[in-house]
Structures are given as C-alpha cells and as structure tokens.
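Worksheet: the structure to be examined is printed underneath.
Only the coordinates and a few stated rules stand behind these numbers; no lab work does. None of the values given here were measured: they were computed from a predicted structure. Here the Cβ positions follow ideal geometry from the backbone for every residue, glycine too, while neighbour counts run over all protein chains shown.
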Amino acid sequence: MSIDVTDATFQAEVIDRSYEVPVVVDLWAPWCGPCRTLGPILEKVIDATNGQVVLAKVDTDQNPGIARAFQVQSIPAVYALQNGQPVDGFLGAQPEHMVQQFIDALLPGGGDSVLAQLLAEGTEGSFRAALEIDPANEDAIVGLAELLVARGENDQALQFLARIPETDRTRHVAAMARTHLAPDDDYDATLTNLLDRVKGDDEARQQFVDILELMGPHDPRTAAYRKKLTARLY
C-alpha cells in the first residue's frame, strides 16, 4: 500500500499511522534518476506485505518541510517509522534483495527471520549485519571472532568477545585468540615450562588455562594438568 504524503498530511498519514503499522517514507523528486529506480522496487516489496507495511511517498520539491525534518542531504532517502519514531533507514538506490531485507525486518517477527538468515550465511559481512540488528547476539559474535582469529586478527576478536558475558563458547574462542602456538605443538613442553611460573605470573597462568581450554575435557592430560595447576597455586 502506498500513499502520497504532503507537509500538511504528514502527521496523520505517517506519524499517527506508524502507531498501527510500520510506515516507510520514500523521499524522492521527479528529476532524481535513482529515485525512479528505487521507487518501483519499494512499491513491489511493500505491496507484497498486504498492508502490514505502508509506503509514504514524499516529493521533496513540493514538500520541503518533511525533507528538513529528516535533515535530508541527498535523495533517494528512505526511513522506516514505528510508534512515531524512525527505526531504520538507508540512502541511495538499493537492489531488490536489500530492500526485501529492510522490509522483512519491519514485519512481526521479521527481525528474527532476517537475523536467522544472516547467521546461516556465516560470512564476516553477514555476522556484522546481524550485530547491527542484535549487538549482543552470541552466535554472531562467536562466529565473527572465529573468522578474525583464523585471519590472525586476535585483538579485534577479543574486543568482540568482551561485549558479552563469558560462556563455554566464548572462552574457547578467546583461548584461541590468546594462544600463539604452532599447530603441531603437543602442549606438554609448554605446560611444563609454564607450571613453574603460574603462581606469581598472571600472564603465564592465563596461558596455562587457555591451553587446557584448547585441549578440552576429553584429552586425558587435561585433568592431570589441572591438578598440577591447583597444587602450584594453593
């Protein structure tokens, strides 16, 4: 569903209506080429929601008051409003799949659906996009951190992991980020060397614990080394 909105009707058609359904405001002008590209895409995608989202088209040449309210610097500019407030938006013409994601996120449960799709994609870009929707999403943070560690960007991985409370998953990836050992290291020599330093050296103790984390509970050596660590500390 699309309507043409003016400065005079903006309050009723956009602000007031946004308390009932999400309203997408398309700021355009007849002389704007990208606007003519984006407009039909917005109409197609929003029409497919069967009234769950409303499209409000604003000719900025004829309605400068609305353009000033949104502090528009360039068009096309698109904003989504819910409960009287802007909740999302973008500038410039976008391909249909991006517009579809934008609209899907406005539908009931749509944010969850988009989030699930992004997490399933499993790329750095999709994980970062997921974090824009849910900044504390553990799946996105752990997935992104794993990619960063694989690329050697360990400090950045640890910064992302620090955003959320520690869990078994975050602890394992953090251990990967903090531990710099050769892939063929069997850990025994390193752990033995660290054992003499763990009591008075916080860094050595952290490295010792990280290595045990990487070895995991199924390694028969893990329990024995934990006992040795406890004996040295206490």
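Things to note:
- Lys/Arg +1, Asp/Glu -1 at C-beta; the chain dipole; positive extreme among ILE41, VAL58, PHE90: PHE90
- Only Cα sites of the stretch 188-233 enter the Debye sum here, all with the same form factor; the resulting log10 I(q)/I(0) across q = 0.21, 0.30 1/Å is -0.60, -1.20, listed in q order.
- Take every DSSP beta bridge whose two residues both sit in the stretch 1-133; close to 55 percent of them are antiparallel.
- Average 1/r across all pairs of distinct alpha carbons in the stretch 110-178, invert it, and you get the Kirkwood radius: 11.8 Å.
- Backbone HN-Hα couplings from phi across the stretch 97-103 [Karplus 6.51/-1.76/1.60, Hz, Gly and Pro as x]: 5, 6, 5, 4, 4, 4, 6
- Computed from Cα positions, the angle between helix 138-150 and the longest principal axis of the chain comes to roughly 60 degrees.
- Bridgeable lysines around LYS227 (alpha carbons under 18 Å apart, same-chain partners fewer than 8 residues away excluded): LYS199.
- Cross-link partners of LYS57 among lysines (Cα-Cα below 20 Å; sequence separation of 8 or more within a chain): LYS44
- Ellipsoid fit via the Cα gyration tensor, the stretch 115-234: semi-axes of 32, 13, 12 Å, each the root of five times an eigenvalue, largest first.
- Taking a ≥ b ≥ c as the square roots of the eigenvalues of the Cα gyration tensor, an a/c ratio of 1.5 or more together with a/b no larger than b/c marks the stretch 32-100 as oblate.
- Taking other C-beta atoms within 10 angstrom as a stand-in for reagent exposure, SER18, SER74 fall in the order SER74, SER18, fewest first.
- The stretch 1-22 versus the stretch 159-202: alpha-carbon centroid distance in Å: 56 Å
- Principal axis extents of the C-alpha atoms in the chain (largest first, rounded to whole Å): 77, 32, 30.
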